[in-house]
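The values are calculated or read from the model by the stated rules, or taken from the named source; none is laboratory data. Just so it is clear, the model here is predicted, and its values are computed rather than measured. Neighbour counts are summed over all protein chains in view; Cβ atoms, including those assigned to glycine, are modelled from backbone coordinates with ideal geometry.
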Amino acid sequence: MAEEKGRVCVTGGTGFIASMMIKRLLSEGFYVNTTTRYTPGKDVSFLTNLPGASEKLRIFNADLNNPQSFCSAIEGCKWVFHTASPVDLEEQVEIMSKRAVDGALGVLKLLAEKAVLEFGEKHGLDVVTILLPFVIGPFICPKLPGSIQMALPWLFGYEDDIFTSFSIIHVDDVARAHIFMLDHSSIKGRYICSLNGTLSMEEIVELVHDKYPEFQIPTLDKVKEIKGEKMPSLNSKKLIDAGFEFNYGTKETFEESIQCCKVNGYL
């Protein structure tokens, strides 16, 4: 039966998380609408070449600066994953943050308006938010994800203004967690999706050095001297208690990130 599993919208489809979500959604039989900011000559073949994309994927132009531009993509969808958010290490923080916040508010306002029109007396939506740490792992998007650069800064020439401890999550576990929410309609509110605890930069340096001794990375003594930002520890107890299980641990998450960077010529 056509669209038996329903049609979903994933905003920001050319991004790291969104593109991997689209890949998994298609593999699980969902029909997907996605949005991308219009750029002349933009190559989206990494999406259109995904298995099942020719029958189940539709791509729409939309921009975070114009919430109304998401109307066509959202129309007819049972669920919307709003993942469009800028992560650009070269963009000014003030501009990037404003675009991210304004975009999220705009899409939510649009969804609320459409819900009122479509369902009459029902005034609002069931909203689930997922708080993520640094999302790393393999990628299919053509641009190196900023979160991988931030998690492994010295591999990409960044030595100043780095995070010295943070949490991580594998991108496929992120995609699976979003789909898990669809299958459990009782889930509402705010959830954390992260491997529990934080990793120190010393731990990461040791892990990478043991597996990839060919890389020029800082010594432990030098890393200990770095005075960077420390992220608070995250705990996914609420998500785990709901029944979700993570497929990836710390070591394989970093290894798959580095291997994908090597295959794509970034390392």
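Restricting the stretch 25-45 to residues that are assigned to a helix (DSSP H, G or I) and surrounded by 17 or more Cβ atoms within 10 Å (Cβ to Cβ) leaves a set whose member that is farthest from the chain's Cα centre (by Cα) is Leu26.
Rundown of residues vs (1) aromatic (Phe, Trp, Tyr); (2) farther than 28 Å from Thr129 by Cα; (3) touching a Pro at 6+ places or on another chain (Cβ under 8 Å); (4) surrounded by 14 or more Cβ atoms within 10 Å (Cβ to Cβ), yes/no style:
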position	(1), (2), (3), (4)
Ile217	no, yes, no, yes
Lys222	no, yes, no, no
Lys230	no, no, no, no
Lys238	no, no, no, yes
Glu245	no, no, no, no
Lys251	no, no, no, no
Phe254	yes, no, no, yes
Gln259	no, yes, yes, yes
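Of all residues in the stretch 136-163, those that are acidic (Asp, Glu) and in contact (Cβ under 8 Å) with a residue 40 or more places away in the chain total 2. Residues in the stretch 199-230 that are of a type in the set (Ser, Thr, Tyr) and either under 27 Å from the mean Cα position of the chain (by Cα) or part of a helix (DSSP H, G or I) (or both): Ser200, Tyr212. Only one of the numbered conditions (1) modelled with pLDDT under 95; (2) within 21 Å of Ile179 (Cα to Cα); (3) small (Gly, Ala, Ser) is not met by Gly41, and that is (2). The test for being in a helix (DSSP H, G or I) and of a type in the set (Lys, Arg) does not hold for Arg190. Residue count for the stretch 139-149 under the criterion of being surrounded by fewer than 18 Cβ atoms within 10 Å (Cβ to Cβ) and either among the basic types (Lys, Arg) or touching a strand residue (DSSP E or B) at 6+ places or on another chain (Cβ under 9 Å) (or both): the result is 1.
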